[in-house]
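Rule-based calculations on the coordinates, nothing more; no lab input. In this text the structure is predicted, and so the values were computed from the model without any measurement. When we count neighbours, we look across all protein chains shown, and the Cβ atoms used for this are built from the backbone with ideal geometry, even at glycine.
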Amino acid sequence: MTAKVSLVIFEGGRARRAVEQDMARVRQAVVLDTIEKAQTVPEISDVILVTNIHALAVEARAMGCIVETNHTAPGAFHFGEALRAVVDRYGLEAVITMGGAAAPLMRPEEMAWIARQLLAEPAAVVVNNVQSPDIVGFRPASILHDINLPASDNALGPILRQAGLPRFLIPNSAWINFDLDTPTDLGVLALAYGRGPRTAAAVAGVNVDLRPLLAAQELLRRPGSELMLIGRVGATIVTLLNSNFACRVRVWSEERGMKALGRLERGEVVSLVGLVIDRIGFDAFFTDLAKVAEAVLFDTRVLFAHWHVGLSDADRFYSDLRMPDRIRDEKVQAFTRAAVESPVPVVLGGHSLVYGGLWVLAESVLREQGKTTILPYTPNPAV
């Protein structure tokens with residue numbers, strides 16, 4: 001008897017301030033587009049949405065999606081327990097799980113590849129990232145009864161690998177590495193091709209200043225230009241840039257996997273960038289950056305964790321949007337103002353900015369130039 005592959009999408013939250021509501025509207029549009037794509041994949045038997053958002057639940061049901069409503073109190077939601085409850089309720093055999101905006105540009109062919117890998121193996125975990133995956137496929141689904149269930153989705157892939165499941169990596173591409181977490185990602189999405197119709201309409205309704213992103217993207221077109229990447233920068237994106245472009249890439253990489261490894265939760269994050277800024281000050285730091293780069297892509301989440309500032313989503317988002325006057329935390333406000341006033345364009349954001357988002361910007365340039373992307377590596381066997 002052939003196994004069935006089910007896609008389980010999680011999307012929730014309670015948006016309060018306007019900037020959070022803008023993000024929520026786009027994320028919900030992405031979820032609906034993802035459901036529609038999955039329904040075109042023969043290897044996926046059903047799509048299940050777990051959400052606490054009434055309007056999203058109504059639209060998803062109208063599309064034929066199974067909807068599980070979850071009204072857990074804020075801060076009490078446990079991803080692993082919620083996923084196991086869905087697996088048990090519907091008797092799922094093989095599962096692909098992802099957050100609602102984990103891959104807004106993922107295509108049906110990537111979904112089909114994951115599903116086929118699960119159908120071909122009696123036991124497997126399929127991920128888009130070894131350390132902190134946003135997309136995880138696994139079989140048998142019953143293994144959730146044999147592991148310590150993770151509170152957040154990023155830890156599921158490593159835990160399943162540790163439980164003995166052979167691991168397969170999804171063929172690398174921008175489409176499975178770009179996720180939508182911050183307003184900066186909305187800017188990248190606005191410049192991307194391959195968006196779903198609901199996503200395109202939702203992004204068009206959000207006001208994001210694209211000029212810093214466009215300035216950084218322009219460096220990819222100009223040989224000899226200097227681009228700086230700061231944050232959780234992986235070797236894959238650096239290799240991609242070096243393989244396809246003639247710009248010079250400077251990298252300051254630190255604290256990769258800080259969430260999946262529990263370092264963020266335990267307050268153990270230490271940033272060398274943060275130590276330098278603490279020593280010389282914001283203005284001097286950005287003045288010195290301008291001596292070595294023409295534009296900077298800055299994953300600020302490592303820096304914020306280093307400072308132990310405990311920011312609200314709204315403060316993080318207003319920093320990404322380069323709106324210091326709306327930020328309540330004084331230190332982050334001062335940092336953001338210095339970044340805005342930097343002699344060179346500084347794009348502020350999260351991990352996706354220096355990985356999937358940058359990959360999307362790079363793919364867009366290669367596409368306009370009529371070039372075929374040279375990929376950093378080919379798909380790996382089970383590891």
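A few remarks follow.
- Across region 199-212, coupling constants 3J(HN,Hα) worked out from phi with the 6.51/-1.76/1.60 Karplus curve, θ = phi - 60°, read 5, 4, 5, 5, 5, 4, x, 10, 8, 10, 6, 8, 4, x Hz, and Gly and Pro carry x.
- From the alpha carbon centroid of region 133-153 to that of region 92-110 is 14 Å.
- Size of electric dipole in the chain: Cβ of Lys, Arg +1 and of Asp, Glu -1, about Cα centre, debye, nearest 20: 300 debye
- Inter-site label distance for Asp313 and Ala62 at 7 Å from Cα along Cβ, in nm: 2.3 nm
- Environment charge at Leu118 (Cβ cut-off 12 Å; Lys +1, Arg +1, Asp -1, Glu -1): 0
- Per residue, the convex hull volume that the Cα atoms of the chain enclose (Å³): 132 Å³
- Anchor Lys291: aspartates and glutamates whose Cα lies under 14 Å away (excluding residues fewer than 8 positions away in-chain): Glu226, Asp283
- Chain lengthening between Asp46 and Arg16 when straightened (0.36 nm per residue, less Cα-Cα): 7.6 nm
- Taking GluC sites (Glu not before Pro) as exposed when their DSSP state is a loop state and no more than 14 other Cβ atoms lie within 10 Å, the longest site-free interval of the chain runs over 1-264.
- Excluding same-chain neighbours fewer than eight residues apart, the aspartates and glutamates reachable from Lys331 by a Cα-Cα span under 12 Å are Asp278, Asp315.
- Proximal charge balance of Gly224 [Cβ under 12 Å; K/R count +1, D/E count -1]: +1
- Antiparallel DSSP beta bridges within the chain, percent to nearest 5: 20 percent
- Paramagnetic reach from Arg328 in region 172-187 [backbone N under 19 Å; point 7 Å along Cα→Cβ]: 183
- The phi-based Karplus calculation (6.51 cos²θ - 1.76 cosθ + 1.60; θ = phi - 60°) puts the 3J(HN,Hα) values of region 33-48 at 5, 5, 4, 4, 4, 4, 5, 8, 8, x, 6, 9, 7, 7, 10, 10 Hz, whole numbers, x for Gly and Pro.
- Of the residues Phe298, Ala338, Val360, the one whose Cα sits farthest toward the positive end of the charge dipole of region 210-368, with +1 on the Cβ of Lys and Arg and -1 on the Cβ of Asp and Glu, is Val360.
- Taking 0.36 nm per residue of sequence separation and removing the Cα-Cα distance, the Thr72/Leu210 pair yields an extension gain of 46.0 nm.
- Gain in span if fully extended, Val251 to Ala120, counting 0.36 nm per residue against the direct Cα distance: 43.2 nm
- Here Lys37 is the anchor, and the aspartates and glutamates within straight C-alpha reach of less than 17 Å, apart from those fewer than 8 places off in the same chain, are Glu11, Asp46, Glu59, Glu109, Glu110, Asp179.
- For region 89-231, the equivalent ellipsoid built from the Cα gyration tensor has semi-axes of 33, 17, 14 Å, listed from largest to smallest.
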